[in-house]
Amino acid sequence: DEEFDELCFEFGLELDEITSEKDIISKEKGEEKAKGASDVVLYKIDVPANRYDLLCLEGLVRGLQVFKERINLPRFEKIIPAEGEGQRLIITEQTAQVRPHAVAAVLQNITFTKDRYDSFIDLQEKLHQNICRKRALVAIGTHDLDTITGPFTYTAKAPSEIKFKPLNQSQEYTASQIMDLYRTDSHLRHYLHLIENKPRYPVIFDSNGVVLSMPPIINGDHTKITLNTRNVFIECTGTDITKAKIVLDIIVTMFSEYCEKPFTVEAVEVVYPNGKTHIYPELAYRTEKVKPEYINKKVGISETPSSLAKLLTRMCLKSHVTGNGNHLEVEIPPTRADIIHACDIVEDAAIAYGYNNIQMQIPKTYTIANQLPLNKLAELLRLDLAAAGFTEALTFALCSQEDIADKLLTDISATKAVRIANPKTAEFQVARTTLLPGLLKTIAANRKMPLPLKLFEISDIVVKDPNADVGARNYRHLCAIYYNKSPGFEIIHGLLDRVMQVLEVPPNEENGYTIKAAEGTAFFPGRCAEVFAKGQSIGKLGVVHPDVITKFELTMPCSVLEINIEPFV
């Protein structure tokens, strides 16, 4: 296990955990449910999102074997059948409004076992979630070619005109009934919205009218692949032709190793509505030229061109030195759609060299780091507030709508709060616009502690601001609270004076601070004052309203101070 973990790390992957089905179920649902589950060891491996060629066992093993220099990277070949013998996929113009693109290929004389079949289905599922963006960009269909006869037609029809038996169902349904059938299906209901409101649904059928699939929802049951399937017809339909080509390339390169002639794929001719034809899969190899010194400089190593070529070859990028050693010619195989720019090649060279083997160097540019002035001020104030006998609290930056509105007797629209679009819990619906609820909740959780409770917090609050580039702005607030049998307004007032004293702000109107009587919904009438400093209002202090206290499940009076400290930076 340790060796494998090490190998994964060297290859740029992460072995997340070593577990088993039994472990996973017992963690999620408890020991009882896990009885009878498999004890077989499972490796959970984190694969970078750009490496589609490592999303199945076949590709991962092949990649690691090439990396360990045990095998050479296989050469993928596309076989173009003789005139009139190959399969054809005809696209009609009706598809233009729904899913305009389609590509296809055939895997000939393939041998499936249970494991290979599971891996084949699993790869399609992973691609659907990843590059296909939950089937929005591309949907994959795989069919048993021996149960159908070409040429195939890809068109779009009215839902009532499409009727077939969906995968693993016992009877035929129309397209509209299929939509209703899968509305409650935990897996397929997420894809219905992609075509649900379109006047026509995409559909692929063969020369006898047998429906292969209704992408992106479901395949037909007629063409279902089994362990005995020998020839597989693969079609990918979508709204993005580049992604469709990549997905097709990945599937055929991963599973062509199980064909009678390994690593060969039979091409399919796709006929477009305008009469043009194209042969798929493209399986395109291309070469890129990179300068060895460019790689060395970017990574921070000094390798010879030939050893760089060897490093890249281990990463499935077959390379050799050309032009008296001042260029590397790198061949990019069809499995590596993620190589877009020279920096992708540099990254692979760095992985093969080993990140841990790169010598650490002090950067050439000399800079001195400094603390942000606002953070420095906050740190200094924290020390003085603690010296004044107050205890620091740290509360969540997110809270519920009630906390900042109803419980403080204000309306949510008046708070300018930033809302979370899809909150996971009721506790975290909005970003806080004041620190007060957090401290009141902290006191509620610590009611058993001896009185008086004196707490403070210096943190950010967030409010909407149409003038800010992100539509919201943070302000650093200081909030202090005193909770006892009597309100203790004088203690909080004394704390304000102390804060101003350490900030060297004198108590006068011209260039200092003043307080003036004010009203605040969360405060007791006639027991609230607004604080002015630097010519602006910076916050309020006062005795908390009894209704607010009871809403936070507290029983004693308390007074509070909350000011914005940014003007003092």
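The values are calculated or read from the model by the stated rules, or taken from the named source; none is laboratory data. On a predicted model such as this, the values are computed, not experimentally measured, just so you know. Using ideal geometry, Cβ is built from the backbone for each residue, glycine included, and neighbour counts are taken over all protein chains shown. Calculation scope for accessible area: heavy atoms of the full protein, side chains included, ligands and nucleic acids excluded. Shrake-Rupley method; radii C 1.70, N 1.55, O 1.52, S 1.80 Å.
Conditions first: (1) over 25 Å from K245 (Cα atoms); (2) open to solvent by less than 60 Å² (accessible area, probe 1.4 Å); (3) not in a strand (DSSP E or B). C316 passes all but one, so which condition is the exception?
(1)
Which condition does I71 not pass, out of (1) hydrophobic (A, V, I, L, M, F, W, C); (2) crowded, with 17+ Cβ neighbours inside 10 Å; (3) over 19 Å from K276 (Cβ atoms), if it passes all the others?
For I71, the exception is condition (2).
The conditions are (1) in contact (Cβ under 8 Å) with a residue 24 or more places away in the chain; (2) of a type outside the set (F, W, Y); (3) outside any loop (DSSP other than H, G, I, E, B), and Q65 fails exactly one of them. Which is it?
Q65 satisfies every listed condition except (1).
Checking the conditions here, which among E490, E504, E553, E519 is open to solvent by 60 Å² or more (accessible area, probe 1.4 Å), touching a Cys at 6+ places or on another chain (Cβ under 8 Å) and of a type outside the set (S, T, Y)?
So the residue among E490, E504, E553, E519 that is open to solvent by 60 Å² or more (accessible area, probe 1.4 Å), touching a Cys at 6+ places or on another chain (Cβ under 8 Å) and of a type outside the set (S, T, Y) is E519.
Find the residue count for segment 128-146, including only residues that are among the β-branched types (V, I, T) and farther than 17 Å from V268 by Cβ.
So the answer is 1.
I need the full set of residues from segment 299-312 which are surrounded by 15 or more Cβ atoms within 10 Å (Cβ to Cβ) and within 32 Å of the chain's Cα centre (by Cα), in order please.
The answer is V299, L311, L312.
Go over the candidates F396, F390 one by one and state the one that is within 30 Å of I565 (Cα to Cα), among the aromatic types (F, W, Y) and open to solvent by 50 Å² or more (accessible area, probe 1.4 Å).
From the options F396, F390, the qualifying one is F396.
Please go through segment 499-540 and pick out each residue that is assigned to a loop (DSSP other than H, G, I, E, B) and acidic (D, E).
Listed by number, the residues that qualify are E504, E509, E510, E519.
Scan segment 329-383 for residues that are under 30 Å from V499 (Cα atoms) and assigned to a loop (DSSP other than H, G, I, E, B) and jot them down.
Scanning segment 329-383 gives A369, N370, Q371, L372.
Can you tell me which residue in segment 417-461 is nearest to I491 (Cα to Cα), limited to those that are without any contact (Cβ under 8 Å) to a residue 24 or more places away in the chain and of a type in the set (A, V, I, L, M)?
Filtering first and then ranking leaves M449.
Of the numbered conditions (1) in a helix (DSSP H, G or I); (2) exposed (fewer than 12 other Cβ atoms within 10 Å of the Cβ), Q124 satisfies every one except a single condition; which is it?
(2)
Check segment 100-120 and report whether any residue there is surrounded by fewer than 18 Cβ atoms within 10 Å (Cβ to Cβ), closer than 20 Å to A267 by Cβ, over 31 Å from the mean Cα position of the chain (by Cα) and free of Cβ contacts under 8 Å to residues at least 60 places away in the same chain.
no
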